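One structure is given here, and the rest of the page talks about it.
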Amino acid sequence: MQKFYKVFLIVFIVIIAINTYAIDWNSDITSDDNVKFLISIACGLLGIGLLFILNTWSKIGAKK
């Protein structure tokens, strides 16, 4: 993995960790206060998925 991808991987992991910590676990998971954190976690997971796709594409393009 290139350094560029590693930096974004760390950023996405930190975003997911902060938002997981911020969720109020005593209230309903779909309450208005928690939904913004759940959306942010989902975006972080989507970012990690896209990061691995882009990393795979860069490896495929480098072999040719």
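The values are calculated or read from the model by the stated rules, or taken from the named source; none is laboratory data. In this text, all values refer to a predicted model and were calculated from it rather than measured experimentally. No Cβ is skipped: glycine too gets one built from the backbone with ideal geometry, and neighbour counts run over all protein chains shown. Heavy atoms of the whole protein, side chains included, go into the accessibility calculation; ligands, DNA and RNA do not. Shrake-Rupley method; radii C 1.70, N 1.55, O 1.52, S 1.80 Å.
Hey, can you tell me all the residues within segment 45-61 that are of a type outside the set (Val, Ile, Thr) and either open to solvent by 80 Å² or more (accessible area, probe 1.4 Å) or in contact with a Gly (Cβ under 6 Å, 6 or more places away or on another chain) (or both)? Break it down into steps so the answer makes sense when it comes.
Just the residues of segment 45-61 that are of a type outside the set (Val, Ile, Thr), to begin with: 45-47, 49-52, 54-55, 57-59, 61.
Result: 45, 46, 50, 52, 54, 57, 59.
Which ones in segment 1-44 are open to solvent by 80 Å² or more (accessible area, probe 1.4 Å), outside any loop (DSSP other than H, G, I, E, B) and touching a residue at least 40 places away in the same chain (Cβ under 8 Å)?
Within segment 1-44, just 8 meets the criteria.
Can you tell me how many residues within segment 20-45 are under 22 Å from residue 5 (Cβ atoms) and out of contact with any helix residue (DSSP H, G or I) (no Cβ under 9 Å at 6 or more places or on another chain)?
The qualifying residues number 1.
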